[in-house]
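Here the structure is laid out as structure tokens; the discussion comes afterwards.
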Amino acid sequence: MRKLNSLITVLALSFTSLAAVGCATIGSDEDTSEIDGDSTLAGKFDIWQATDGQWHFHLKSGNGSILLTSEAYTTRTGAINGVLSVLDNGVDAAQYQVLPAAHGYLLHLVAGNNETISFSETYSTKSNATRAIKSCVKATTSYLDKREANTTGARVEVAAGETGQFHFNVFAKNGQIVLSSESYTTDAAAFNGAFAVQQDGQNAANYTIKQNAAGGYYFTLSALNGQVIGVSQQYTTRAAAQSAITSLTSFLPTLSVL
């Protein structure tokens, strides 16, 4: 459902005959200073935790301008589920609503059940908020296109199995799977597990090298609570397994999970 190609991106945008403007600026109808930035850059998501422990996300344009902001979630998995809902709904201009606010207008992205997924900052005019829809659609579709094209090198892939359960694989820079997860009931939970790998996998002390019955070696990665969150492939020697751990800890900080 979330796999979009460039043709779908063009069609989604063409149905919205709107001039693009930045979604995070209050200004006049002629204000186009934050339209999309560099059009060659894809949209992106930023998931973050506030000082009160609540989780939020932003949808950003290619130039880094904040387009949409989420409500507060009690868990990171909840925020990730919100991001996935944006990816499902944000490509359709019809899913955006322009609503009056105290000092202007807000743009709301709603799901099929009419629940608000995320919202923009305030615009001074209704036309500005309406034109902002195109920027939000473009950021969402370009993000999906970029993720769909990312099939080589270091990356994370979440997939559903035949039983309907989800799992993730972490790929090394050479494109080989270096770590695999357990099964999760939802894709949001699987992505949350991948974030835990990125966080806890940077500490070499969280890895344990083991030997299986066939004499091969593999390693496990445990979270701070002691739960195993990833298992490696098999290696012929302990040294090879240790080398894989060293490589994993080095590229995890730069890995784009979602």
Using Cα centres only, tell me the gap between segment 76-125 and segment 207-237 in whole Å. 42 Å
How much of the calculated P(r) for segment 48-162 lies past 24 Å, in percent of all Cα pairs? 30 percent
So if each residue of separation counts as 0.36 nm, and I subtract the Cα-Cα distance between H103 and N63, what length gain in nm does that give? 11.8 nm
Neighbour-count ranking for T152, T51 (other C-beta within 10 angstrom, fewest to most) reads T51, T152
Please work out how much length the chain gains when fully extended from A214 to T249, using 0.36 nm per residue of separation minus the C-alpha to C-alpha distance, in nm with one decimal. 9.9 nm
Could you tell me the convex hull volume per residue, in Å³, taken over the Cα atoms of segment 155-254? 104 Å³
Taking a label point 7 Å from the Cα of S256 along Cα-to-Cβ, the residues of segment 135-167 whose backbone nitrogen sits under 12 Å from it are 142-152, 154-156
Using R₀ = 22 Å, calculate the FRET efficiency as 1/(1 + (r/R₀)^6) where r is the Cβ-Cβ separation of N113 and D52; round to 0.05. 0.20
Which percentage, to the nearest 5, of the DSSP beta bridges contained in segment 107-258 is antiparallel? 100 percent
Cut-off 16 Å, label 7 Å out along Cα→Cβ of E182, residues of segment 212-232 by amide N: 220-232
What residues of segment 45-79 lie in the reach of a label at A223, counting those whose backbone N is under 18 Å from a point 7 Å from the Cα along Cα→Cβ? 47-50, 53-56, 73-79
Distance cut-off 23 Å, percentage of C-alpha pairs in segment 90-222 lying past it: 55 percent
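No lab work stands behind these numbers, since they all come straight from the coordinates. The structure displayed is predicted, hence computed values, not measured ones. Heads up, the Cβs are rebuilt from the backbone with ideal geometry, glycines too, and the neighbour counts pull from every protein chain shown.
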